[in-house]
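Please treat every number below as a calculation from the coordinates, not as lab data. For clarity, every value in this text was computed on a predicted model and none was experimentally measured. Glycine also receives a Cβ, built like all others from the backbone with ideal geometry; neighbour counts cover every protein chain displayed.
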């Protein structure tokens, strides 16, 4: 399959949905213009839309056939964007650039940036609740997203990352941080797609394993890119992990070993899909793309 074409087409669909969302938000009288402006600025600043696309690909692999995945898949980008806004804040990673643009708090101030993140997170569930999904399936999707993004997932991982900043972490802590602060939402995205498709328990289990492997690999590659790439390539400051004393795979296992670990994870993620037909090819190709990405 042509992965480049697949990613481009799915990104176009997600961007179209998100564009309509921010347009509607700007027209709502009860939403302050500065708030909707900050939400739109961060949400439409660019990005590859990997999490929504993984949900779509998981939906297709799980046997989904109609187009009702788009609102739910796109809501994942709101959650991801909220996390980026908050991660960039002075109290967190204190970054001035994201996707080669000034971060939200640099443009709108810290208070409005925080509130924009809050609004995006909350509105993600509003989008899901209005997606026309059956009540039973809706509950499963919401449960999955709250676990992936909450204290047992992304927020939990970010918390441990901050607590151990500047300290020597144990290897199990490194795995926890990476598999939660980044991996949990990636895993959840794949699972949400499968849940929306009504995938069988066996397929859901296999897709869960796939999501876990590529989720961890994604963050390991991110750590590596922070070392070997330039600011222009990454769209944000590089070398910051080492400067802040963050616990990363390269700082713990070394650069070469981290690369090998990421390669093994990607290989294992593809093996998890051995029982799937060609409908899972996008997931297989995305695994390789994550390993070779440069930003």
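For the pair residue 137 and residue 163 in one chain, pulling the backbone fully straight at 0.36 nm per residue adds 5.7 nm over the alpha carbon distance. Computed from label points 7 Å out along Cα-Cβ, the spacing between residue 146 and residue 44 is 3.2 nm. Spacing of the modelled spin labels on residue 130 and residue 34, each 7 Å from Cα toward Cβ, amounts to 2.5 nm.
When peptides 190-198, 274-282 are ranked by their average number of other Cβ atoms within 10 Å per residue, the highest-first order is 190-198, 274-282.
Which value in deg cm²/dmol, rounded to the nearest 500, describes the helix-derived mean residue ellipticity at 222 nm for the chain, given -39,500 (n - 2.57) per DSSP H run of n ≥ 4 and division by the residue count? That calculation yields -23000 deg cm²/dmol at 222 nm.
If the chain linking residue 26 and residue 111 were pulled fully straight, counting 0.36 nm for each residue of separation and taking away their Cα-Cα distance, it would gain 28.7 nm. With the largest listed first and rounded to whole Å, the semi-axes of the equivalent ellipsoid of the stretch 3-292 from the Cα gyration tensor are 27, 26, 16.
Between the beta carbons of residue 68 and residue 12, assuming R0 = 22 Å, the FRET efficiency works out to 0.75 to the nearest 0.05.
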